[in-house]
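Written below as structure tokens is the structure these notes are about.
The values are calculated or read from the model by the stated rules, or taken from the named source; none is laboratory data. Keep in mind it's a predicted model, so treat the numbers as computed, not measured. All Cβ positions, even for glycine, are placed from backbone atoms using ideal geometry, and neighbour counts span all protein chains on display. Just the protein is used for accessible areas: all its heavy atoms, side chains included, with ligands, DNA and RNA removed. Shrake-Rupley method; radii C 1.70, N 1.55, O 1.52, S 1.80 Å.
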Amino acid sequence: MGFSSAQNPWPRRPLTSAELMRQQMRVTEQSDHRLRKTLTRTLAGQTGKRSETIILPLELLRHLKPSEFNDPHEYHAWQKRQLKILEIGLILYPSIPIDKANSFMIRLRDIIRAGELKAIDTSKNSDVMRTLCNSIVSLCWRSSNGAPTTVCHWADGYPLNVHIYTALLRSIFSTRDETLVLDEVDELLELMKKTWSTLGFNKPMHNVCFAWVLFEQYVVTNQVEPDLLRAAFTMLSEVENDVKKSNRDETYMKILSSMLVVMQNWAEKKLLNYHEYFNRGTIGGIDNLLPLGILSTKILAECRRIETEEGKKGDVKVSDSSGNRIDHYIRSSMKNAFARINDNVKNATMGGRGEAYENLLQLAKETEDLAAQERELFSPILKKWHTTAGSIAAVTLHQCYGEVLKQHLAGTKMLNSEIVGVLQRAAKLEKVLVQMVVEDFDECGNGGKVIIREMMPYEVDTVTIRLLGQWIDERLKKGKKLLLSAKKTETWNPKSKTELYAHSAVELMALIKETVNDFFEIPIGVTEDLILDLAEGLEKIIEEYIIFVASCGSKQNYLPALPPLTRCNQDSMFSRFWKRASPCGVRVEDMHQLMTTKYQHPSPSTSIGTQCLYVRLNTLHYLITHIHSLDKTLAVSPRVLSRSRLSSRKQNVTSFSYFEQANQSIQSACEHVSEVAAYRLIFLDSSLVFYESLYAGSVTSSRLRPTLRILKENLTVLTTILTDQAQALAMKEVMKASFEAFIMVLLAGVPSRIFNRSDYEMIEEDFDSLKRVFCAIPEDVIQKEAEKAEGVISLMGQSTEQLIEDFSIVTCETSGIGFIGIGQKLPMPPTTGRWNRSDPNTILRVLCHRNDRTANLFLKKSFQLAKRNL
């Protein structure tokens, strides 16, 4: 059988098998002498008596007397042992079930109990001895059906017979080195075979017990001799063949099942955690253990099947598939090994979230090391039993680390360098584990495809994009929060004398710049789509801020309401009423005195509100500068993986910008704020010196010159506050507002203004002076904006008759009348506000301000307008 042999410790004379057995079982010479004497007396005069019919404990009690022992106590103890054996074999565990009311059993039990207190009398004439012998013999020679039998049953009950036989089997091991089997093992086993009839044994039962004893000896000797385990497996193979045969005894199945459960539990304890029990030095142990574990499981499954067929359902459902068991062993051991390294990593650094990421990096490294150990040490052995052993291990580790990674990422809201490092390390680990699976493909065929389906990818790129999206959202939330705060607290005061823009804009652009810089600091490959997503979110915040900056009303808030149309009549009741209702409450004479003072001591009339509008305008240009810088940062960053989408967009536009919409919004906002600031400056801040005083009373007495001096002062304030980039547009809007105010003085200046045809040259001269104030603006721009005013001024140089004729023609044309018939009146033209010399309402207003009888009569006849005295 391949056992190692022990050196014979008795060189003098070879011992007989019986002598060797006695010595191995440590039976004393005195006990051996008593036994031989008893057997001699028993067989005396009984030629032909079979040894298996001898009830040995009874014969010992009959033939050994107290005098043969050293003292009564020794004899009593010995006697109790014999009675105990009889009790176990005949009462407690008989091979044939016994009725509890059996009289022989009751008398035997009473004698045994009495013997516990004092030694019973075993002399020939003793009634107790006769009763004892009678009861024992009657119980031993029973049969299951009551018929006479030739079989003596006193030591064949389970588990007594097994305990006795395994005790005999243990004698095959050397007393000097318990891992060795004696050379005389075959002789000893042959000697033990003589006990089979007494113990109710047969070859299958011997095989079961022998397999158990070999296995047991391997365990109790600290598992140092693999030959013992291999021998146990060899005997277990014999047991497997026995189980397949018919006529399986119930006792045999009971012995086999109990033994297999223990062997399986012991083997699987190690196999389910083989990383804990085996290492590089002891790796060979798993090669011996696996066959035993697999075979014990297989035989146990057969036993359960048999029990099920016989209506005795087993307690445990056991799979007999070696592949399934190996799969189970690998998964269990890998999970246990991973749990240990995970605990070790966590115990090494019990820290905060930052250290948690360090733990994940360390765990990934140790998981990779564990995978390498599995591939090098265990997979080659396990593949003998399961071709996808390496794949199973890799998939299990992949799942284990994936669960830990998922738990940590579940509480992660934003992306940072630590998380990126963890994800990149996880991707590296995943690549190693996938490679282990790929290596098994050639050997396992379709099995590999089944296994790899269990490997749910970490989807590092997807997770990275998701976390980066969350990071972007979080930064955008900060921007929106800052924007909300700005709306509540911004006063539009300059940040400083050198920084004439809103403090909220500085904070907002600083946050956006920080966001972009931090975005590119994240150590991942940035795609063009990610940049577009970030830029889109930032652009929305910028646009909302632009809307906030541009929320300053409109020019309509400052344009004066147009007065009702009247004929010139300086001393009419309506004129006197108008003067009393004037918001200024200032007479023309007082106005002239005020303007004289202003002319002598000119000072700017720019209000604080208008200056705040200038700060808004500066803020918009501050945004333009920083948006351009952001555009450049996003466009030229070397971290971008590809720009194919950007290139395609560049084909459609001359110059691409990530903030194209914001740039357009800023331009519109600049125009709007410049316009509002200009109209506020002219129609509110400068109203007293411009719209309310120019040409009040007469053209001669209230020329434009004082107004121009104050306007120049206001323009100085404008250029002082506004940045160079903002001045041109703002100046242009002031020019347009000034031209608008000049036109309204001429067309909507009642009741304090009346004009003669002779005033035309002075008005034209004043307007030329007004245009020269804006000489910094290109001539073509000035001329274009001045066209409307010059057209109105030219009307004032025409004769009244010509004005009436032109008015009649354009009114008929615009109203669709064609010509005026007899008795028809001209319709009142609507006020469009679009002043020009071809507009009938513009011509009508010139006539209303004409100090002329012809005009007065025409207006009265055509429209019944109120009259003013000439």
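Summary of values
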{"item": "Qualifying residues in the range 534-563 (those that are of a type in the set (G, A, S) and under 30 Å from L684 (Cα atoms)) - the one least open to solvent (accessible area, probe 1.4 Å)", "result": "A550"}
{"item": "Test result for I743, out of contact with any Phe, Trp or Tyr (no Cβ under 6 Å at 6 or more places or on another chain) and either more than 20 Å from G553 (Cβ to Cβ) or surrounded by fewer than 19 Cβ atoms within 10 Å (Cβ to Cβ) (or both)", "result": "no"}
{"item": "Filter result for R248 (charged (D, E, K, R), out of contact with any Asp or Glu (no Cβ under 6 Å at 6 or more places or on another chain) and assigned to a helix (DSSP H, G or I))", "result": "no"}
{"item": "Condition check for L468: within 30 Å of A726 (Cβ to Cβ) and of a type in the set (A, V, I, L, M, F, W, C)", "result": "no"}
{"item": "Residue in the range 385-410 that is nearest to A339 (Cα to Cα), counting only those that are touching a residue at least 12 places away in the same chain (Cβ under 8 Å) and open to solvent by 40 Å² or more (accessible area, probe 1.4 Å)", "result": "Q399"}
{"item": "Condition broken by L617, with the remaining ones in (1) touching an Asp or Glu at 6+ places or on another chain (Cβ under 6 Å); (2) modelled with pLDDT of 60 or more satisfied", "result": "(1)"}
{"item": "For G354: the one exception among (1) more than 30 Å from V224 (Cβ to Cβ); (2) touching a Phe, Trp or Tyr at 6+ places or on another chain (Cβ under 8 Å); (3) at pLDDT below 85", "result": "(2)"}
{"item": "Failed criterion for S637 (all others in (1) open to solvent by 40 Å² or more (accessible area, probe 1.4 Å); (2) modelled with pLDDT under 85; (3) not hydrophobic (A, V, I, L, M, F, W, C) hold)", "result": "(1)"}
{"item": "Any hit, the range 512-528, residues being within 22 Å of V636 (Cα to Cα), among the charged types (D, E, K, R), in a helix (DSSP H, G or I) and in contact with a Lys or Arg (Cβ under 7 Å, 6 or more places away or on another chain)", "result": "yes"}
{"item": "Residue list for the range 141-170, restricted to those being farther than 30 Å from A211 by Cα and either open to solvent by less than 60 Å² (accessible area, probe 1.4 Å) or not β-branched (V, I, T) (or both)", "result": "W141, R142, S143, S144, N145, G146, A147, P148, T149"}
{"item": "Close pairs from the range 541-564: first in contact (Cβ under 8 Å) with a residue 60 or more places away in the chain, partner hydroxyl-bearing (S, T, Y) and open to solvent by 20 Å² or more (accessible area, probe 1.4 Å), Cβ under 7 Å, at least 6 apart", "result": "E543/S665; I546/S665; P560/Y691; L562/T831"}
{"item": "Criterion (acidic (D, E) and farther than 30 Å from F519 by Cβ) met by exactly one of E374, E430", "result": "E374"}
{"item": "Residue match in the range 142-159 (condition: of a type outside the set (F, W, Y), in a helix (DSSP H, G or I) and touching a residue at least 24 places away in the same chain (Cβ under 8 Å))", "result": "no"}
{"item": "Hey, V128 among the β-branched types (V, I, T), farther than 30 Å from N288 by Cβ and over 60 Å from the mean Cα position of the chain (by Cα) or not", "result": "yes"}
{"item": "Lone qualifier among L795, L847, L803 - being crowded, with 16+ Cβ neighbours inside 10 Å, in contact with a strand residue (DSSP E or B) (Cβ under 9 Å, 6 or more places away or on another chain), without any contact (Cβ under 8 Å) to a residue 60 or more places away in the chain and assigned to a helix (DSSP H, G or I)", "result": "L803"}
{"item": "Elements of type helices (runs of 4 or more DSSP H) in the range 10-116, at least 3 residues being assigned by the TED database to the domain that holds M129 and open to solvent by 60 Å² or more (accessible area, probe 1.4 Å)", "result": "72-87"}
{"item": "Subset of the range 197-241 [open to solvent by 10 Å² or more (accessible area, probe 1.4 Å), more than 29 Å from L56 (Cβ to Cβ) and assigned to a helix (DSSP H, G or I)]", "result": "Y218, V219, P226, D227, R230, F233, T234, S237, E238, E240, N241"}
{"item": "Residues that are touching a helix residue (DSSP H, G or I) at 6+ places or on another chain (Cβ under 7 Å) and closer than 17 Å to E740 by Cβ, drawn from the range 770-789", "result": "L770, K771, V773, F774, I777, V781, I782, E785, A786, K788, A789"}
{"item": "Restricting the range 434-465 to residues that are modelled with pLDDT under 75 and among the hydrophobic types (A, V, I, L, M, F, W, C), the residue that is most open to solvent (accessible area, probe 1.4 Å)", "result": "V450"}
{"item": "L538 farther than 22 Å from K478 by Cβ and either under 53 Å from the mean Cα position of the chain (by Cα) or of a type outside the set (D, E, K, R) (or both)", "result": "no"}
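Residues are listed down the side, and each one gets a yes or a no for (1) modelled with pLDDT under 95; (2) hydroxyl-bearing (S, T, Y); (3) open to solvent by less than 10 Å² (accessible area, probe 1.4 Å):
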| site | (1), (2), (3) |
| --- | --- |
| F659 | yes, no, yes |
| I666 | no, no, yes |
| L681 | no, no, yes |
| S687 | yes, yes, no |
| S701 | yes, yes, no |
| L704 | yes, no, yes |
| Q725 | yes, no, no |
| F739 | no, no, yes |
